[in-house]
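Novice: Sharing a structure, written as structure tokens. Questions coming.
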Amino acid sequence: MIRTAAAVLRKDLRIEWRTKEAVPAMALFTVTVYVLFHFGLDRDSLDGELASGVLWVTLLLAAVIGVTRLFAAEREQGGLDAFLLAPVDRTALFVYLVALEIVAVPAFAVLLLGPDFLDSLPELLAILLLADIGLAAVGALVSALAAETRARELIVPLLLLPLVVPLLIGAASATEPLFRAGGQPEDLGRYLTLLGGYDLIFLLISLAVFDFLLDD
Amino acid sequence: MAEPAIALEGLERRYGERVALHGVTLHLPRGATLAVLGPNGAGKTTLLRVLATLLRPHAGQAAVLGSPLPGDGWKVRGRVGYLGHDPLLYRDLSGRENLAYQARLHGVEPERVEERLGAVGLGRRADDPVRDLSKGMVQRLAVARATLHDPDLLLLDEPRANLDPAAVEALEPLIGRASGKARVLVSHDVEGALAEADLALGLRGGGQAFCSPASEVDAKAARELYA
């Protein structure tokens, strides 16, 4: 399975390197939304719940773009059929998609976080990681669900955003105390448990149904 | 006695309410060729996709290479070579990169990639992106992809489309009768298909119009399918 996931990853990185479609789009979108928040809120710096909300909403919307682009080459160029014809464990595609998103989403979080948060970096990274895994699991599931639909750009946010509401609540609530002046974590264990539980549930659901979703 | 390459009994496949294929019954021995004839929308491509395990049968029974579908579809994957309307190649990758990717998925040794590129006459253009190749070259590359893993059953939808006579001759060992594989050949060239087939299946409106030994099928009568 790992060998298959690595083969798909290598292929997709090569295509992305040539086409430069998904990564620049996500980066530009992230920066644009952040700038819009900056001017819309008319503040030089953000802290507390506002900073937490801006971070997670921006990451979530960037993830929507990423999820929409997942499978794009497969769908548009017929690669999914070629993959389905191969004698490989189809769950490898799910593993690959999750791995890709786990790497991509925190990369964009780095764009949003300033140096003020270095003190609480370990806690922040733990929250980001757990939220990221959940987002990746749901994102891979939704991208597979929407892969063969015509209105994919509409269906992805319609399916994804409601599903990640619990994740958003947990992640935003966990990061909010860290973004206050001299921020110390509050109830971090409770929120990490919530995020971990969410991850576990959606990883299990995704692993159980992913093969079926790829099937006709 | 060896299991037939394909065994179908009353095969049916729907798209929503629309019945795309129904009542298809046939047995194709190993190493034999089935010609599938019929007008556009008759269900030829649907049949190929069911046999390739890309679509599930909705009723009836289907077994490919001895494995019942859809239950044992995983046993069939990797043993069929599917050449459909779409080449199933990434336009932004070169021919060599496409085949190397397929080789990794199928667990085929990398040397086979160079061998297939040579066999389809694309050695010199192997590093060009697929989008820069002509339709004929893309078709050659698609043949290389479909046969890369040395499948036991070839599912061929108009395999000679866009090919010049030299290419048709060059690809004969891979997809022609000379390949020695069981083949399902979809073609609008009625005479040509009947000439190289052992069994002929006529489809009309998703239903089976006839299924007979190809030598017993009159080409003129077969052409009435298209009327």
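Novice: Looking at the stretch A:2-214, I'd like the Rg to Rh ratio, where Rg is from alpha-carbon atoms and Rh is Kirkwood's inverse mean 1/r.
Specialist: In the stretch A:2-214, Rg relative to Rh is 0.98.
Novice: P(r) of the stretch B:91-150 in 5 Å steps, Cα pairs, percent per bin?
Specialist: Each 5 Å bin holds this share of Cα pairs: 4, 23, 36, 24, 10, 2.
Novice: Give me A:Val64, B:Val64, B:Val76 sorted ascending by neighbouring Cβ count inside 10 Å, so fewest comes first.
Specialist: Exposure proxy ranking, most exposed first: A:Val64, B:Val76, B:Val64.
Novice: Per the Kirkwood treatment, what hydrodynamic radius in Å, one decimal, follows for the stretch B:39-102 from the mean inverse distance over all distinct Cα pairs?
Specialist: Evaluated on the stretch B:39-102, it is 13.5 Å.
Novice: Compute the acute angle (0 to 90°) between the alpha-carbon long axis of helix A:152-163 and the principal axis of greatest extent of the alpha-carbon atoms of chain A; round to the nearest 10°.
Specialist: Long axis of A:152-163 versus the principal axis of chain A: about 50 degrees.
Novice: Under the rule of at least 5 residues apart or a separate chain, name every residue whose amide H is placed under 5 Å from the amide H of B:Ala35.
Specialist: Those qualifying (amide H under 5 Å, at least 5 residues apart or on another chain) are B:Leu185, B:Asp198, B:Leu199, B:Ala200, B:Leu201.
Novice: Evaluate the relative contact order of chain A (contact order divided by residue number), counting alpha-carbon pairs under 8 angstrom at least 6 apart; express in whole percent.
Specialist: 29
Novice: Also, I was wondering about something else. Using Cα-Cα distances under 8 Å and only pairs 6 or more residues apart, what relative contact order does chain B have, in percent?
Specialist: The value is 28 percent.
Novice: For a quick check: sort A:Ile2, B:Ile175 by the number of other beta carbons within 10 angstrom, fewest at the front.
Specialist: Ordered from fewest to most neighbouring Cβ atoms within 10 Å, A:Ile2, B:Ile175 come out as A:Ile2, B:Ile175.
Novice: Report the gain in length on full extension from A:Leu161 to A:Leu13: 0.36 nm times residue separation, minus Cα-Cα distance, nm rounded to one decimal.
Specialist: Result for the pair: 50.6 nm of gain on full extension.
Novice: Quick one: if you stick a label point 7 Å off each Cα along the C-beta vector at A:Lys20 and B:Glu172, how many nm between them?
Specialist: Placing both labels 7 Å along Cα→Cβ, they lie 4.8 nm apart.
Novice: Taking the Cα-to-Cβ direction at A:Glu186 and at B:His188 and moving 7 Å from each Cα, how far apart do the two end points lie in nm?
Specialist: A separation of 7.1 nm, rounded to one decimal place.
Novice: Compute the helix-to-body angle for B:165-175: its Cα long axis versus the longest principal axis of chain B, expressed 0 to 90° and rounded to tens.
Specialist: Roughly 70 degrees, rounded to the nearest 10.
Novice: Here is a further query. Tally Lys and Arg at +1 and Asp and Glu at -1 over the other residues with C-beta under 15 Å from the C-beta of A:Asp89: what net charge comes out?
Specialist: +3
Novice: Remind me, what semi-axes does the protein assembly as shown give for its equivalent ellipsoid, largest first in whole Å, using sqrt of 5 times each Cα gyration tensor eigenvalue?
Specialist: Taking √(5λ) for each eigenvalue gives 51, 23, 18 Å, largest first.
Novice: Here is the link list: B:Lys44/B:Lys75; B:Lys75/B:Lys220; A:Lys20/B:Lys44; A:Lys11/B:Lys135. Which ones come out longer than 31 Å on Cα distance?
Specialist: The pairs that break the limit, which is 31 Å between Cα atoms, are B:Lys75/B:Lys220; A:Lys20/B:Lys44.
Novice: A follow-up question, please. Can you give the angle from 0 to 90° between the axis of helix B:95-106 and the longest principal axis of chain B, with both taken from C-alpha atoms, to the nearest 10?
Specialist: 60
Just so you know, all these numbers are worked out from the coordinates, no wet-lab data involved. Fair warning: this is a prediction, and the values are worked out from it, not measured in the lab. Note that each Cβ is placed from the backbone with ideal geometry, even for glycine, and that neighbours are counted across all protein chains shown.
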